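Encoded as structure tokens, the structure appears first; notes follow it.
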Amino acid sequence: MRRSFAAATALLGLLALPSAASAASTVSSWHMNETSGSTMVDSANDFDGTLKDVGLGVPAIFSPGYSFNGSSSVVTVPSTGWHNVPSNTTFTVGAYVRFPAIPTTSVGDFDLIRKGLSSTSGGHWKMEIFGNGKGYCQFRGSAGTATINTGPVLADNKWHGISCIKRNTSVSLVVDGVSYTTSKTVGGISNTARLTVGAKSTGGDWYKGVMDEVSITLG
């Protein structure tokens, strides 16, 4: 049986994403272990995604995972309020990634997971690999915008655990167990945008690499 995300992170030590507190609840858990078909299954709450040009069954942190081609691969999850960010609750999005090179200038950045664009009414959030090859978190909410882009360059074709965390008065980027935090009150994010994995909903910022074990938790 496929290990749970919590069990996976416990086993990975420094690679692990930060473990959720006992009060936290898993909103979505996409193991990315499908080897055929066009659906990314959410084992937590059935918020399934639709695959486009995504390679399945590739070796991953807990095999198998997904491969993104850097030009057309994307997963789209229909809009749900459960993927919005409450103003007074901790929100965490995380994934494991492996990629060999930083984004090219023509691509710009690698979008890993996002809900909304900079122009989206109600705010947006996203987790990226920025053009410098480092992790990137951005939350634009009702009380302000917080952005973090720091840590090591991750373009070494090795597995890295990345998460973005929005708390009441701070935002953190966590890379391989090391946390980088900025003090900022973001407020809530509530939009009707679709969630996308591997690119913008409109295309662009195409991720080129392998991804596994994407999750969203509250609390």
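For (1) modelled with pLDDT under 95; (2) among the aliphatic types (A, V, I, L, M); (3) in contact with a helix residue (DSSP H, G or I) (Cβ under 9 Å, 6 or more places away or on another chain), each residue gets a yes or a no:
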site	(1), (2), (3)
25	no, no, no
29	no, no, yes
34	no, no, no
37	no, no, no
41	no, yes, no
50	no, no, no
60	no, yes, no
63	yes, no, no
69	no, no, no
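Taking the range 172-219 as the range and being under 22 Å from residue 153 (Cβ atoms), in a loop (DSSP other than H, G, I, E, B) and not small (Gly, Ala, Ser) as the test, the residues that pass are 176, 205, 206, 207. Considering every residue within the range 5-22, establish whether at least one is at pLDDT 95 or above and either part of a loop (DSSP other than H, G, I, E, B) or surrounded by 20 or more Cβ atoms within 10 Å (Cβ to Cβ) (or both). Within the range 5-22, not a single residue is at pLDDT 95 or above and either part of a loop (DSSP other than H, G, I, E, B) or surrounded by 20 or more Cβ atoms within 10 Å (Cβ to Cβ) (or both).
Residue by residue, here is whether (1) among the polar types (S, T, N, Q); (2) farther than 20 Å from residue 204 by Cβ; (3) touching a Pro at 6+ places or on another chain (Cβ under 9 Å) holds:
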{"residue": "130", "(1), (2), (3)": "no, no, yes"}
{"residue": "135", "(1), (2), (3)": "no, no, yes"}
{"residue": "156", "(1), (2), (3)": "no, yes, yes"}
{"residue": "159", "(1), (2), (3)": "no, yes, no"}
{"residue": "169", "(1), (2), (3)": "yes, yes, no"}
{"residue": "177", "(1), (2), (3)": "no, yes, yes"}
{"residue": "185", "(1), (2), (3)": "yes, yes, no"}
{"residue": "189", "(1), (2), (3)": "no, yes, yes"}
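I'd like the residue in the range 87-121 that is among the aliphatic types (A, V, I, L, M) and not in a strand (DSSP E or B) and, out of all such residues, is modelled with the lowest pLDDT.
Once the filter is applied, the top-ranked residue is 107.
The values are calculated or read from the model by the stated rules, or taken from the named source; none is laboratory data. Because the structure is predicted, anything quoted here is derived from the model rather than measured. Don't worry about glycine lacking a Cβ; one is built from the backbone with ideal geometry, like all the others, and counts go over all protein chains shown.
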